[in-house]
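The values are calculated or read from the model by the stated rules, or taken from the named source; none is laboratory data. What you are looking at is a predicted structure, and each value in this text was computed from that prediction instead of being measured. Cβ: placed from backbone, ideal geometry, glycine included. Neighbour counts: every protein chain shown. The protein model used for the area step is the full one, side chains on, heavy atoms only, and it has no ligands, DNA or RNA in it. Shrake-Rupley method; radii C 1.70, N 1.55, O 1.52, S 1.80 Å.
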Amino acid sequence: MAFILTFLGKGGVGRSTVAIAAAKKYAQAGKRVLLIGQDPSPAWGIALGMSPSFSPVNLENNLDAVQIMATAALESGWEQVKALEAKYLRSPTLKNVYGQELGILPGMDSAVILKEIWDYDKSGQYDVIIFDGDGDLNTLRLLGTPEILSWYIRRFREVFQASDLGRAISPFIQPVTSAILNVSWTFDNFAAEPTQEANQVLDEGKKAMADPNRFAAYLVTDASAGAIAKAKYLWGSAQQVNVTVGGVIINRSDADVGPEFKPLTNTALPTVEADHWEDLISHLPDFSQAAQAPRPLIIDTAARQVKVFLPTFDKKQVKLTQYGPEITIEAGDQRRNILLPPPLKGAPVKGAKFQNQYLIISL
């Protein structure tokens, strides 16, 4: 399993430059590194001296780079969907639909890009994977895909089983599934096996995302007001997808903006000439220290408290609601559903307060 690192910030502050420098730093330390670019255009590879490549190419000792082509990634993923269908359906319906035919619909990019990252991670070929994405709210939605999809699977399965439609067709589920599937399901275990398989994959993604020793993001900003405001917004929003932000990097400035991002550690990078990577590398932080940063979510069953780290948001910008066993937090343009563990499941919210940038919910 690799350590996955990404950078968040306003466009033009030097996120890609920092990502390249970080990749070179790890490679020089003897780590096997893959630098992934979300931008498929030739522009992304200019700083690396590489032509567009949608399979990993070696740039220097221990350092590979690759650009993600969403259509190719979708094609690969579609074959896995067809294999899953063939596992359950006696007469597969998708066998004559080919991945090469599929177009990209809005929102599909995030799923296929995240799948590519996890596939490279599972390959075991790399110790460090650095993802140079858009670095904005779209990147956070991409990173939140496992948690959001698992909620949809869990919630709508419950809705179907409790619905009049579900109860009405329940006597027919077993004979119908026996006729068309390679398995026999009843109403009580309807789609249980594929649902369990999907949840297992998503749970692996959620655990990796929540572990700062496996995944971390760093903010990149310059000293301009707009860049600082965007970085602060992304810092708060990252907590809603359970991503630990390890620190802030102030690029091309020696201005002290650290107080804006307390308690994060801040690192100032000097302005250097093109291709003078060593100057940047020597000033980069120790990214493994992300584990020391505040965690996005702490559930204290003994104290019967849920603590959600929400820096940069005040109580007027946060909405707290509860639906059954879950707590929903809205902050910025992000919504997060927190499934309570068994000791707290079903317990009503008794109160909530902000303290040290945490929303503390008492149950």
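Under 5 Å from the amide H of residue 3 lie the amide H atoms of 128, 129, each residue being 5 or more positions distant or on a separate chain, with H modelled from the backbone and absent for Pro and chain starts.
For the listed peptides 17-24, 337-344, 5-12, 59-66, a ranking on the average number of other beta carbons within 10 Å per residue, highest first, reads 17-24, 5-12, 59-66, 337-344. By accessible area, using a 1.4 Å probe on protein heavy atoms only, region 297-363 has 49% of its surface on carbon and sulfur.
Is there a pair in 25/319; 10/319; 316/350; 262/315; 31/307 whose C-alpha atoms are over 30 Å apart, and which pairs would that be? If you can, show how the numbers build up before the last one.
On the way: 25/319 41 Å; 10/319 26 Å; 316/350 19 Å; 262/315 18 Å; 31/307 35 Å.
Violating the 30 Å limit, Cα to Cα: 25/319; 31/307.
Between residue 95 and residue 330, what's the calculated FRET efficiency when r is the beta-carbon distance and R0 is 56 Å? Round to 0.05. Don't skip to the end; give the middle numbers.
Values: r = 43 Å, r/R0 = 0.76.
The computed FRET efficiency comes out at 0.85.
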